[in-house]
Structure formats: C-alpha cells, structure tokens
Amino acid sequence: MHRSNEVAVLDIDSDTSAILNIDEVKRPEHLPIGVLDKDGKVNRKALNEWWMSRAIPASRSGLREALEIMKVSPPALLLTKCFGLSLSDQYWVKPKAKDIEWKDVNFFENSFSEDVGNALFGRAHEGANLDLMSPDNTTDGWLKKKWIIADGKRMLVKGGSAPAFQEPLNEAIASILMDRLNIPHIPYTVEWEGGQPLSVCEDFITPETELVSAWYVRGTRKKPGHISEYQHYIDACEALRIPDVKSQVDRMIVIDFLMVNTDRHLNNFGAIRNAETLEWLGAAPIFDTGTALWHDGLSHMIRPRADVESKPFRSRHGEQIKLVTDFSWLDISVLKDAPDEFSEILKQSPYIDDQRRDALCSALKIRIQMLEEAKSQTAI
Ligand SMILES: Nc1ncnc2c1ncn2[C@@H]1O[C@H](COP(=O)(O)OP(=O)(O)OP(=O)(O)O)[C@@H](O)[C@H]1O
Ligand SMILES: [Mg+2]
C-alpha cells in the first residue's frame, strides 16, 4: 500500500518477512523508487532489498539486547508488527484478512507505542507485555534512537556514541551553522536524559510527503563508467525532474566540509516527493550531520588541516569541496562567533574536558578559515 493506494499484491513469509512472490502489480507508478529492472518490470530481489532495508539495521547500537527483551528475531520480523508503517514515507503492508484503512493506522495521525524505543534504549522490562506497533521498527541508522510524540509533534530522539557522546552536540552546532548560512535543514536541539545527551528533531515528513534517499534516486539509472558519482546523481535527479538539487548539494558539501562530516552516505540525504500525486518537491532539508568533528577521535587527533575522509562524491573533503558549483550565496562572515557558540554547547557535557573543547572550537575556527580559502580559490 502507498497511503490508500493498493500498489501490489505480495506473498510475505511470516517466518522471515521476506517477499516470496509478487502476485500482481496494481499501481506500478506508485512502486517504491528504484525497484524496476531495465525492461520496466518490478524486480523481486530489488523490492525485497528495499523492504528489508526498512528494518532496523543489524549494526544498531543496543539492538541485540532489545530483541531479547522483545523476544523477536531477526529485526525484519518487527516490520510486520507495525504493518511496515514508517514516519519517513507512506508505504505499508495490509494483510488480506484485515479490514484496515491507512487513515486509522498511519503514525502521522495516530499515536504509537514507545515500547520498542524504550527497549532500544535499554529501558523496557523483560516479560512485560510489549506493544510493538512502533515507527522505530522501520527507522534506519546505527545510533540508538526512538520516535516520541511531544505536544502533538512527531520527534526523533537520538543518542550518541561512547566515549565522547558528541554526536548530539554536533547536530546542535550544525543546526546553528546552517541557520546562519540559510541552508535548508532540520533543526536539532540537545536534551539530557539520565546524564546522556540526546539530539531531538521534528519529523520533516507529513502525511502527504515522503523521503526518498539518494541511494534509490541514483539507482534509477545505470551509471556509465566515465561519469562521476556526483554527475550521475545530478543526472538521475534531473531525469526524475527533482527541482533545485544542485544548489542543495552545494550547500550539503559546504556544511560537511565545515563539520568534517565523515558519514554523508547515500541514505543520509535525498529528495522529497508528494506520495499521492508523485510530484517531486525538491531536495530534502539536511539531516544527520552528527558523525563529524572527530566524534570518535582522541583529542590529540583533532587536526583540522588534515585532509579528512569524506562521502559521498569524493573520498577527501579537500577534493569534494571543489565540486561546489556556486559559492555566491555563502557569506562566511556570519560564522564569526560560531566557535564560541560551540564552546557553550560543549560546556554542557561531562564527557568533553576543557582540552577537547578547546581543540574542537579552534578546529571549527580553522575549518571556517579553510572554507573561506576554498571559496576564494574557486573565484579565481
Ligand atoms: N527528522 C526526520 N524526519 C523523518 N525521517 C527522518 C528524520 N531524521 C531521520 N529520519 C530517517 O531516519 C533515518 C535514520 O536517522 P539518522 O540518519 O539521523 O540516524 P543515524 O543513526 O545517525 O544514521 P547513520 O547510520 O547514518 O549514522 C534516516 O536515514 C531517515 O530515513
Ligand atoms: Mg543516518
């Protein structure tokens, strides 16, 4: 199902959640992006990969313990516990025997259980009668996370990783930088729970829209050997008529250069479409910028002038920044006191000592200078 549209009739194995057979395709235009083969027929393997990738990845922090508490394994089995519903798109599966409608089950308009999220954060009790109807079952990523409803809004709450637990603080400074630079982004704030920092952001998808990750967008065409990853992605977006992608990719490369983001993989950005009309609305606002600023490096390894690893278009930030097509929008002077703001954010954390804080703030200052240099080199 895609909202209330019946897309295909599938035979799903209840023991593994695998799609055993595609009995009939009713609305091919509503199929998920990137599951057709060359002759335009739905490919069962590709559809299975898409479906299975909705499940919590095996790499998720705390997953094994949570599955034990929930008595479910593998995580793909959680998919059918919530009809495959998500808070990032509008796909779901409706069992033939069940007379249910999208409006009565979708997580955007109906409440949901926090049991899965609590189990993932190690806060559920074994033996408790857990309600597994949760959008956490269909949320990607390796950091601990859960969806909650606060003041009627769907919010994603995400942890950090030991020893510095820096990712939530990085999300907060990235939000400040993007706010100043007018880069379309999802604002993240930091909250503290049990002495741990968590980042909190609002769902940027509505009941009418959906996120399609760059991975699926790039998979809509075969990449010719002589075309770069960057050009291939831009070409795929243009062929689908997704508006204004180049300017948002420019902005994403810039913020990732500043933040020294090492994890902008193809599921960490993408495009948004209207799930009913299938009209493409544009590039998604920037989200998930926490895996950055030496979050997992020791303080003495914070070397801002080193040419650090990047994704997704080039393997080094020094090369990737050269792909920016237009810097004219970039007013670097608005970032002047950003390192001081970063210092205030870092001060909240008992996991960051003074030495690390100083190293991080001066690193950010140098990255801002380096961006200025990159911009002026392009102008020549
Ligand atoms: N605000 C949001 N609104 C809707 N969907 C979101 C939002 N934030 C994240 N998502 C979805 O949830 C997925 C996981 O979130 P996120 O990328 O922030 O987690 P992560 O654990 O940091 O990921 P990674 O493994 O890339 O480090 C995203 O790929 C996206 O599909
Ligand atoms: Mg991610």
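The values are calculated or read from the model by the stated rules, or taken from the named source; none is laboratory data. What you are looking at is a predicted structure, and each value in this text was computed from that prediction instead of being measured. With ideal geometry, Cβ positions are generated from the backbone for all residues, glycine too; neighbour counts draw on all protein chains shown.
Rundown of residues vs (1) in contact with a strand residue (DSSP E or B) (Cβ under 9 Å, 6 or more places away or on another chain); (2) closer than 28 Å to residue 31 by Cα, yes/no style:
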site	(1), (2)
221	no, yes
231	no, yes
249	yes, yes
272	yes, yes
276	yes, yes
292	no, no
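I'm trying to understand the selection: among the residues of the stretch 47-68, which are within 16 Å of ligand 1 (Cβ to nearest atom) and crowded, with 18+ Cβ neighbours inside 10 Å?
Going through the stretch 47-68, the residues within 16 Å of ligand 1 (Cβ to nearest atom) turn out to be 49-63, 66.
Within the stretch 47-68, 50, 51, 54, 55, 56, 60, 61, 63, 66 qualify.
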Qualifying residue in the stretch 18-38 (condition: farther than 21 Å from residue 276 by Cα, part of a helix (DSSP H, G or I), in contact (Cβ under 8 Å) with a residue 24 or more places away in the chain and not polar (S, T, N, Q))
no
If I filter the stretch 61-116 down to residues being under 16 Å from residue 205 (Cβ atoms) and acidic (Asp, Glu), which single residue comes out as farthest from the chain's Cα centre (by Cα)?
109
Within the stretch 316-329, is even one residue in contact with a Lys or Arg (Cβ under 9 Å, 6 or more places away or on another chain), hydroxyl-bearing (Ser, Thr, Tyr), at pLDDT 95 or above and surrounded by fewer than 18 Cβ atoms within 10 Å (Cβ to Cβ)?
yes
Taking the stretch 254-281, which residues are in contact with a Lys or Arg (Cβ under 9 Å, 6 or more places away or on another chain) and either outside the structural domain of residue 213 (by TED's automatic domain parsing) or within 25 Å of residue 85 (Cβ to Cβ) (or both)?
265, 266, 268, 275, 276, 279, 280, 281
Filter the stretch 159-197 down to the residues that are within 16 Å of the chain's Cα centre (by Cα) and surrounded by 19 or more Cβ atoms within 10 Å (Cβ to Cβ) and list them by number.
159, 160, 167, 168, 170, 171, 172, 174, 175, 185, 186, 188
Output the residues belonging to the stretch 63-88 that are more than 16 Å from ligand 2 (Cβ to nearest atom) and small (Gly, Ala, Ser).
66, 73, 76, 84
Looking at the stretch 238-280, which of the residues that are among the aromatic types (Phe, Trp, Tyr) and touching a Leu at 6+ places or on another chain (Cβ under 8 Å) is nearest to residue 303 (Cα to Cα)?
257
